[in-house]
Amino acid sequence: MARGVPAVDGSSLLIVRPKLAAALAAPLFLCAMTGAALSAECKQSDAVYADRDGAYELRFSPLGSEAAAASNQFKINVLKTSIVLDGYVMPSEDPDRAIGIVMFKCPDGDVTGADLDACTIWQGPVYSVRAPGELDNLQAEAQGAADRIVLPGLGPAIRESSIWGEGKATVAPWDVLTFKECAK
């Protein structure tokens with residue numbers, strides 16, 4: 001049973017017995033670990049992530065080819081709009097990095113570097129974060145899904161892009177997206 005102890009200001013501090021504290025903490029701990037447990041059971045190619053404001057959803061999908069230059073592909077939906085961005089992650093060497101690119105309405109077929117520059121919204125490293133807080137390059141699509149994805153500078157890049165403004169994106173995403181579900 002909990003009991004109150006008088007505090008300096010005359011109010012009562014609540015002291016909880018250790019067994020009761022453990023009983024109260026267990027459900028909170030299990031809720032916190034649920035996202036990590038679910039992401040570990042999901043392949044990266046099936047993982048879905050959300051930003052903290054509920055304005056963006058990042059959804060990975062299988063590449064469908066082992067010969068592809070990319071290690072992952074995804075779409076970012078700007079929720080409450082019809083805007084869908086295309087994204088790819090490619091391995092890079094020296095230093096070993098997972099490099100991502102997010103594009104909007106890129107032309108199909110034979111395109112030039114200028115064409116790609118015009119439709120690129122963001123480009124940079126893509127990091128995964130595991131439950132213990134370890135930061136690493138995003139793993140390939142067949143590996144277990146990361147608990148969080150970090151796209152450094154994504155929010156400011158969107159704010160400066162063609163998808164920003166009235167009737168378009170009006171909330172810049174946080175650079176960290178959290179595992180939401182597995183789309184198997």
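The values are calculated or read from the model by the stated rules, or taken from the named source; none is laboratory data. If you're wondering where the values come from, they're calculated on a predicted model, not measured in any experiment. Every residue, glycine among them, receives a Cβ derived from its backbone with ideal geometry; neighbour counts consider all protein chains shown. In case anyone asks, the SASA skips ligands and DNA or RNA and just uses the protein heavy atoms, side chains included. Shrake-Rupley method; radii C 1.70, N 1.55, O 1.52, S 1.80 Å.
Ignoring ligands, DNA and RNA, what percent of the 1.4 Å accessible area of region 45-182 is carbon and sulfur?
49
Here is the link list: LYS105/LYS180; LYS75/LYS105; LYS43/LYS80; LYS43/LYS75. Which ones come out longer than 23 Å on Cα distance?
Those over the limit are LYS105/LYS180; LYS43/LYS80.
Per residue, how much accessible area does region 45-182 show when a 1.4 Å probe rolls over the protein heavy atoms, in square angstrom?
Value for region 45-182: 53 Å² per residue.
For TYR88, what accessible surface area do you get with a 1.4 Å probe? Give it in Å², rounded to 10.
Rounded to the nearest 10, that gives 80 Å².
When only DSSP loop residues count, what GluC sites (Glu not before Pro) in region 81-162 have their Cβ near at most 15 other Cβ atoms within 10 Å?
Those satisfying the criteria are GLU93, GLU134, GLU160.
Let a ≥ b ≥ c be the square roots of the eigenvalues of the Cα gyration tensor of region 40-150; is it rounded (a/c under 1.5), or, if not, prolate (a/b larger than b/c) or oblate?
Oblate shape, in that a/c is at least 1.5 and b/c is the bigger or equal ratio.
Which far-off residues, 5 or more places away or on another chain, put their amide H under 5 Å from the one on ASP175, with H placed in the peptide plane?
Residues meeting the criterion, in which the H sits 1.01 Å from N, are GLY155.
Loop only per DSSP, at most 15 neighbouring Cβ atoms within 10 Å: give me the trypsin sites (Lys or Arg not before Pro) in region 39-90, ordered by residue number.
Answer by residue number: ARG52, LYS80.
What are the residues whose amide H is under 5 Å from the amide H of ASN137, where those residues sit 5 or more places off or on another chain and H is modelled from the backbone?
Counting only residues 5 or more places away or on other chains, the set is SER128.
Subtracting the Cα-Cα distance from 0.36 nm times the residue separation, let me have the gained length for GLU160 to GLU66 in nm, one decimal.
Going from the current span to full extension adds 30.4 nm.
Quick one: how many Å² of PHE74 are accessible to a 1.4 Å probe, rounded to 10?
For PHE74, the solvent-accessible surface is approximately 10 Å².
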